[in-house]
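Only one structure is covered here, and it is reproduced in the block below.
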Amino acid sequence: MAQPSKNPCSAERPGTGKAIAVLTSGGDAQGMNAAVRAVVRVGISLGAKVYFVHEGYQGLVDGGENIKEASWESVSMMLQLGGTVIGSARCQDFRTREGRLKAARNLVKRGITNLCVIGGDGSLTGADTFRAEWSSLLAELLKTGGITAEEAKTSSYLNIVGMVGSIDNDFCGTDMTIGTDSALHRIMEIVDAITTTAQSHQRTFVLEVMGRHCGYLALVTSLACGADWVFIPESPPEDDWEDHLCRRLTETRLGGSRLNIIIVAEGAIDRHGKAISADDIKNLVVKRLGYDTRVTILGHVQRGGTPSAFDRILGSRMGVEAVMALLEGTPDTPACVVSLSGNQAVRLPLMECVQVLPSRPRRSFQNNWNVYKLLAHIRPPPTKSGYTLAVMNVGAPAAGMNAAVRSTVRIGLIHGHRMLAVHDGFEGLALGMVEEIGWDKVGGWTGLGGSKLGTKRTLPKKYFEEISATINSFSIHGLIIIGGFEAFMGSLELMEGRAKYEELCIPLCIIPATVSNNVPGSDFSIGADTALNTITTTCDRIKQSAAGTKRRVFIIETMGGYCGYLATMAGLAGGADAAYIFEEHFSIRDLQMNVEHLTEKMKTTVKRGLVLRNEHCNENYTTDFIYNLYSEEGKGIFDCRKNVLGHMQQGGTPTPFDRNFGTKMGAKSVAWITGKIKECSRHGRIFANTADSACLLGMRKRSLVFQPLTELKEQTDFVHRIPKEQWWLKLRPILKILAKYSIELDTSEKAHLEHVTRKRISLESHI
């Protein structure tokens with residue numbers, strides 16, 4: 001474990017003698033505060049002085065009280081706050097050279113040569129202009145007596161690093177911008193609420209979401225709620241869209257649905273560049289179909305509220321990387337932007353990103369668009385493929401499973417397959433609890449938590465004979481298994497059974513779905529994001545419950561089996577002081593050190609402590625043991641409370657990420673298994689006995705990839721039911737440094753400056 005640091009500033013630190021200013025500019029976005037907090041704390045821990053610039057560029061121009069030195073405690077309790085605590089403003093003054101002269105003088109007078117800007121493309125372009133003019137600004141200030149020759153010498157160059165804060169996710173070079181995930185949370189909360197009232201009255205709702213030039217929010221919302229239609233600026237509808245839309249809405253109603261949902265991006269246009277407004281669509285539906293139709297314009301509610309767990313972690317990770325980039329900067333380093341590629345933090349030249357901005361949609365956007373079009377605009381063909389696919393859930397329930405089942409069933413039907421639903425996992429397969437499932441049966445499933453098919457942890461080995469009989473009697477040609485570690489183990493057992501039972505020689509595809517995120521072969525599992533947000537929200541409420549009381553430390557136990565993913569990520573998102581996990585061994589000395597560290601913190605203005613413990617991190621250092629230890633050692637300084645979160649982590653409605661992830665995984669799995677069935681088909685019979693005929697579909701960095709189960713066996717610790725290597729363990733030093741532990745940040749895999757690649761993507765590319 002790390003050593004506590006009573007004075008994190010030491011002479012050897014890379015930030016010694018340097019000063020960093022941080023500002024937020026342009027439209028606010030949830031998660032900006034997490035980024036500000038990380039910049040302040042990492043900067044201070046590396047020996048630098050860190051300054052807040054209040055009110056964005058306006059504060060930089062006005063100076064005075066707008067530029068204040070930040071302390072460690074000044075960013076406490078900021079993580080869970082939406083918006084930006086240091087304020088943001090659109091600034092006309094900074095657009096003028098006179099304004100930039102004032103800003104330069106304000107920085108030079110305080111010895112600030114490093115500027116961290118959190119904002120959209122306009123804010124970052126302004127920062128780059130400022131840096132390009134820096135030498136000439138100093139020369140002019142020196143000439144007019146605004147600064148001394150000594151000050152000009154010590155501030156001879158300005159380093160700039162940007163972080164993208166924008167709910168529109170419209171910046172090239174990063175997979176996600178700070179605030180996008182939280183905005184999707186706000187939108188989905190409203191869509192879920194509207195759905196219930198729309199069903200009651202058999203209404204059509206037209207919802208307008210933000211996105212003047214980028215339809216990301218509208219598109220992902222449509223995927224996540226199964227909307228009937230979406231209008232986005234990137235892909236204007238065909239000229240006869242009015243007829244197509246009305247036909248689509250009528251089909252949905254005839255299929256038994258009591259409502260229609262239409263999502264419109266505020267910048268939606270037709271093929272001729274004419275705006276398509278929510279009111280235009282409402283008037284069309286009322287006039288042509290006579291449906292009771294309502295318009296809801298979401299507006300600024302999308303920017304508000306508390307940030308999601310993802311945005312807090314993203315902001316924190318980017319903040320850490322931004323400070324490292326600034327302190328490693330030289331006069332020759334171009335201004336860079338810290339962004340996310342898969343689950344890696346990368347640095348990209350700022351102006352390359354800005355210049356690519358208006359070009360073409362990114363790959364992730366294309367994938368979303370292709371899946372949406374398949375699910376919303378294409379209907380099952382009259383000619384059938386002659387193949388039968390079965391889908392089932394295995395293991396504990398996880399939010400997002402139903403979205404994956406819905407997508408699997410509908411894409412399967414679009415391929416012309418007969419689709420079967422297996423109830424209650426492998427046990428249900430053995431007992432013949434199988435039924436044909438149609439298009440309308442899975443309508444409205446995306447937003448439902450738990451498992452509609454029913455799920456059990458039972459493994460198949462003892463049921464081989466019965467399972468073979470079921471596969472034979474229902475003529476099942478392929479099996480898609482959505483579940484956790486039991487799905488992985490059960491599928492390996494089915495592969496073993498192939499030697500004896502020919503019926504088991506069919507293609508298998510596993511989609512990982514478990515809150516524990518412990519399935520090998522995938523960085524993320526369906527359900528883990530929902531569980532993480534549940535824990536994070538609960539931690540916020542628990543900390544808030546102590547308002548007005550004396551100093552208090554909360555010990556919270558999370559799920560996850562032996563996998564410390566939830567404890568670690570919730571620790572990052574909740575601002576924990578420690579997170580105990582099985583993967584990182586700890587002793588009684590480490591526990592004692594943590595208690596002493598918290599005791600020191602509690603002697604300052606900090607009044608809350610948060611300690612997370614994974615349920616199986618240590619068989620002897622139980623939650624009760626840790627609670628008793630902290631209670632005893634903290635006597636007279638703080639008191640303790642403990643909470644075991646339990647099964648609430650498996651419940652709730654799925655987050656936008658889990659709905660979208662489940663939907664895309666389902667679609668991708670059907671495309672793969674269809675190809676595999678054709679490949680293994682001989683004279684009308686399916687015989688799949690090769691290693692690559694049983695695969696797990698996982699997310700690796702930024703790609704969805706199929707990996708043979710036999711290869712994943714080597715990467716698995718079966719005793720503790722976890723992968724041998726887990727990417728998120730590299731984030732643990734960030735948790736510790738933000739909790740004021742003096743540690744060396746592991747920069748062995750630090751982000752180097754990369755270049756923006758322009759890949760041509762076909763709008764009609766395959767899933």
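The values are calculated or read from the model by the stated rules, or taken from the named source; none is laboratory data. These numbers were taken from a predicted model, which means no experiment stands behind them. Positions of Cβ are backbone-derived with ideal geometry, glycine not excepted, and every protein chain shown enters the neighbour counts. When the accessible area is computed, the model is the full protein with side chains, heavy atoms only, and any ligands, DNA or RNA have been set aside. Shrake-Rupley method; radii C 1.70, N 1.55, O 1.52, S 1.80 Å.
Among the basic types (K, R), over 26 Å from H300 (Cβ atoms) and free of Cβ contacts under 8 Å to residues at least 40 places away in the same chain: is that true of R247 in this structure? First the steps, then the outcome.
Numbers: among the basic types (K, R): yes; over 26 Å from H300 (Cβ atoms): yes; free of Cβ contacts under 8 Å to residues at least 40 places away in the same chain: yes.
So R247 passes the test.
Is it the case that T148 is among the hydroxyl-bearing types (S, T, Y) and over 21 Å from Y51 (Cα atoms)?
Yes: the conditions hold for T148.
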| said: Give me the residue from region 1-26 that is assigned to a loop (DSSP other than H, G, I, E, B), in contact with a helix residue (DSSP H, G or I) (Cβ under 7 Å, 6 or more places away or on another chain) and at pLDDT 85 or above and, out of that set, surrounded by the fewest Cβ atoms within 10 Å (Cβ to Cβ). | reply: P14
| task | Output the qualifying pairs, or none if there are none: Cβ atoms under 6 angstrom, residues six or more apart or on different chains, first residue in region 468-479 and open to solvent by 60 Å² or more (accessible area, probe 1.4 Å), second residue of a type outside the set (A, V, I, L, M) and assigned to a helix (DSSP H, G or I). | result | N472/E503
| Any residue at all in region 658-679 that is open to solvent by 20 Å² or more (accessible area, probe 1.4 Å) and part of a strand (DSSP E or B)? | no
| request: Search region 444-457 for residues that are closer than 16 Å to V409 by Cα and outside the structural domain of G395 (by the TED database) and pair each with any residue that is open to solvent by 30 Å² or more (accessible area, probe 1.4 Å) and part of a loop (DSSP other than H, G, I, E, B) when their beta-carbon atoms are under 8 Å apart and the residues are at least 6 apart or on different chains. | output: none
| message | Among the residues that make up region 331-348, is at least one of them in contact (Cβ under 8 Å) with a residue 12 or more places away in the chain, in contact with a Phe, Trp or Tyr (Cβ under 6 Å, 6 or more places away or on another chain) and either over 30 Å from V670 (Cβ atoms) or open to solvent by 20 Å² or more (accessible area, probe 1.4 Å) (or both)? | response | yes
| query | In region 384-425, which residues are over 24 Å from the mean Cα position of the chain (by Cα), more than 23 Å from T674 (Cβ to Cβ) and open to solvent by less than 10 Å² (accessible area, probe 1.4 Å)? | reply | G425
| Residue match in region 35-48 (condition: within 32 Å of the chain's Cα centre (by Cα), within 24 Å of H185 (Cα to Cα), open to solvent by 10 Å² or more (accessible area, probe 1.4 Å) and at pLDDT 95 or above) | yes
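Among G561, G575, which is in the same structural domain as N614 (by the TED database), touching a Leu at 6+ places or on another chain (Cβ under 6 Å) and not aliphatic (A, V, I, L, M)? I'd like the intermediate steps shown before the answer.
Numbers: G561 fails: touching a Leu at 6+ places or on another chain (Cβ under 6 Å).
Unique residue meeting the criteria: G575.
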| query | Among R379, R347, R410, which is modelled with pLDDT under 90 and either charged (D, E, K, R) or not assigned by the TED database to the domain that holds D440 (or both)? | reply | R379
| field | Y291, sole failed condition from (1) crowded, with 23+ Cβ neighbours inside 10 Å; (2) touching a strand residue (DSSP E or B) at 6+ places or on another chain (Cβ under 6 Å); (3) hydroxyl-bearing (S, T, Y) | value | (1)
| field | Neighbours by Cβ (under 6 Å, 6+ apart or cross-chain): first from region 30-41, closer than 16 Å to A19 by Cβ and touching a residue at least 12 places away in the same chain (Cβ under 8 Å); second open to solvent by less than 10 Å² (accessible area, probe 1.4 Å) and not aliphatic (A, V, I, L, M) | value | V39/C116; V39/G319
| open to solvent by less than 20 Å² (accessible area, probe 1.4 Å), within 18 Å of H477 (Cα to Cα) and touching a strand residue (DSSP E or B) at 6+ places or on another chain (Cβ under 6 Å), is that true of L709? | no
| request: Can you work out which of the residues in region 412-426 that are touching a helix residue (DSSP H, G or I) at 6+ places or on another chain (Cβ under 8 Å) and hydrophobic (A, V, I, L, M, F, W, C) is farthest from V371 (Cα to Cα)? | output: F426
| note | Considering region 218-255, residues that are aliphatic (A, V, I, L, M), assigned to a helix (DSSP H, G or I) and touching a helix residue (DSSP H, G or I) at 6+ places or on another chain (Cβ under 8 Å), and then whichever is nearest to R203 (Cα to Cα), we arrive at L249
| field | Candidate set: region 538-563, residues that are without any contact (Cβ under 8 Å) to a residue 12 or more places away in the chain and assigned to a helix (DSSP H, G or I); chosen: the one nearest to T622 (Cα to Cα) | value | R541
| said: Given the criterion at pLDDT 95 or above and open to solvent by 20 Å² or more (accessible area, probe 1.4 Å), identify the matching residue among H185, H213. | reply: H185
| query | For region 687-706, how many residues meet the condition of being farther than 17 Å from S525 by Cα and buried (at least 19 other Cβ atoms within 10 Å of the Cβ)? | reply | 3
| remark: K68 meets each of (1) part of a helix (DSSP H, G or I); (2) without any contact (Cβ under 8 Å) to a residue 24 or more places away in the chain with one exception, condition (1)
| message | Kindly evaluate R682 against the criterion of being at pLDDT below 95 and of a type in the set (K, R). | response | yes
| said: Tell me whether region 134-154 contains one or more residues that are open to solvent by 10 Å² or more (accessible area, probe 1.4 Å), of a type in the set (D, E) and not in a helix (DSSP H, G or I). | reply: no
| Going through region 71-100 one residue at a time, which ones are part of a helix (DSSP H, G or I), hydrophobic (A, V, I, L, M, F, W, C) and within 30 Å of K736 (Cβ to Cβ)? | V75
| One residue from Q80, Q92, Q58 being touching an Asp or Glu at 6+ places or on another chain (Cβ under 6 Å), over 19 Å from A335 (Cβ atoms) and either open to solvent by less than 50 Å² (accessible area, probe 1.4 Å) or not hydrophobic (A, V, I, L, M, F, W, C) (or both) | Q80
| Conditions: (1) more than 24 Å from R41 (Cα to Cα); (2) surrounded by fewer than 21 Cβ atoms within 10 Å (Cβ to Cβ); (3) not polar (S, T, N, Q). C617 meets all but one. Number of the miss? | (2)
| query | So how many residues does region 158-192 have that are touching a residue at least 60 places away in the same chain (Cβ under 8 Å) and either within 20 Å of R95 (Cα to Cα) or part of a strand (DSSP E or B) (or both)? | reply | 8
| If S359 passes every condition in (1) outside any helix (DSSP H, G or I); (2) at pLDDT 95 or above but one, which one does it miss? | (2)
| query | If you scan region 716-746, which residues turn out to be open to solvent by 30 Å² or more (accessible area, probe 1.4 Å) and either assigned to a strand (DSSP E or B) or within 12 Å of N518 (Cα to Cα) (or both)? | reply | D717, F718, H720, R721, K724, E725, W727, S742
| field | Unique match (being over 25 Å from D28 (Cα atoms) and surrounded by fewer than 16 Cβ atoms within 10 Å (Cβ to Cβ)) among T195, T250 | value | T250
